[in-house]
Amino acid sequence: MQQHNNPWTIISEKNVYDNPWINLTEFSVINPSGGKGIYGKVHFKNRAIGIVAIDDDENIYLVGQYRFPTNHYSWELPEGGGPLNEEPLKAAQRELLEETGLIANNWQELMRMHLSNSVTDEEAIVYLAKNLTQHEAEPEETEDLQTLKLPFEDVFEKVMNGEITDSITVAAVLKLKVMGH
């Protein structure tokens, strides 16, 4: 596909907020139409990692938790943050064990995506994890998790009817369906 040059001109930038996970910068810009304006960018200090853990019977493991930003309970793939300087696969292996107690012996990168590229640079990497063995989960102190094992087709149906709305989960399930799962 054709690449294009950046049509935005940055006049100045100001750090608005910073914590261990995110940074918010406000830019004074000249937009592609030539007008002056502002643009806010959220920089994530971690990479989003998602794992489709699928067993030999085509069951998928989901994690349920209350999501503070959306103020609702969400069923989604095991997910977490991987430091930008960490090998993404190592982060995926750690997150799967922490959240579900599962260890996979077969890993394949399924997809990469930007989660909300109009306001953030957050990148997600999703892995397919197979040949699973069950161990003890090791959730972080901020996580109050439930796990659920469902047939792939049931998870696909929940994506299609809007019961599952998490973007990583929706994208990964749809991609697997197109791939013939």
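Residue by residue through the stretch 114-126, note down the ones that are surrounded by 15 or more Cβ atoms within 10 Å (Cβ to Cβ) and either charged (D, E, K, R) or in contact with a helix residue (DSSP H, G or I) (Cβ under 6 Å, 6 or more places away or on another chain) (or both).
Correct list: Leu115, Glu122, Glu123, Ala124, Ile125, Val126.
In contact with a strand residue (DSSP E or B) (Cβ under 6 Å, 6 or more places away or on another chain) and either of a type in the set (Lys, Arg) or assigned by TED's automatic domain parsing to the domain that holds Leu145 (or both): does that describe Ile51? Break it down stepwise before answering.
Working: in contact with a strand residue (DSSP E or B) (Cβ under 6 Å, 6 or more places away or on another chain): yes; either of a type in the set (Lys, Arg) or assigned by TED's automatic domain parsing to the domain that holds Leu145 (or both): yes.
So Ile51 fits the description; yes.
Suppose the filter is polar (S, T, N, Q), under 17 Å from the mean Cα position of the chain (by Cα), assigned by TED's automatic domain parsing to the domain that holds Ile60 and within 15 Å of Tyr61 (Cβ to Cβ); does Gln134 pass it?
Details: polar (S, T, N, Q): yes; under 17 Å from the mean Cα position of the chain (by Cα): no; assigned by TED's automatic domain parsing to the domain that holds Ile60: yes; within 15 Å of Tyr61 (Cβ to Cβ): yes.
Judged against the criteria, Gln134 is not a match.
Pick out the one residue from Asn15, Asn117, Asn23 that is at pLDDT below 95 and either farther than 30 Å from Phe156 by Cα or part of a loop (DSSP other than H, G, I, E, B) (or both).
Checking each option against the conditions leaves just Asn117.
Any idea which residue in the stretch 44-79 is nearest to Leu176 (Cα to Cα), counting only those that are surrounded by fewer than 19 Cβ atoms within 10 Å (Cβ to Cβ) and among the hydroxyl-bearing types (Ser, Thr, Tyr)?
If we take residues in the stretch 44-79 being surrounded by fewer than 19 Cβ atoms within 10 Å (Cβ to Cβ) and among the hydroxyl-bearing types (Ser, Thr, Tyr), then Ser74 is nearest to Leu176 (Cα to Cα).
So which of Ala129, Ala137 is in contact (Cβ under 8 Å) with a residue 40 or more places away in the chain, surrounded by 13 or more Cβ atoms within 10 Å (Cβ to Cβ) and in contact with a Ser or Thr (Cβ under 7 Å, 6 or more places away or on another chain)?
Ala137
Consider Gln93 against the criteria (1) more than 30 Å from Ser12 (Cα to Cα); (2) polar (S, T, N, Q); (3) at pLDDT 95 or above; (4) assigned to a strand (DSSP E or B): it satisfies all of them except one. Which criterion is unmet?
(4)
Looking at this structure, is Glu87 at pLDDT 95 or above and either within 23 Å of Leu176 (Cα to Cα) or not assigned by TED's automatic domain parsing to the domain that holds Leu24 (or both)?
yes
From the set of residues in the stretch 127-164 that are closer than 17 Å to Arg67 by Cβ and part of a strand (DSSP E or B), which is modelled with the lowest pLDDT?
The qualifying residue modelled with the lowest pLDDT is Gln146.
Within the stretch 72-86, can one find any residue that is touching a residue at least 40 places away in the same chain (Cβ under 8 Å), acidic (Asp, Glu) and touching a helix residue (DSSP H, G or I) at 6+ places or on another chain (Cβ under 9 Å)?
yes
The values are calculated or read from the model by the stated rules, or taken from the named source; none is laboratory data. Just so you know, these numbers come straight off a predicted model, no measurement behind them. When we count neighbours, we look across all protein chains shown, and the Cβ atoms used for this are built from the backbone with ideal geometry, even at glycine.
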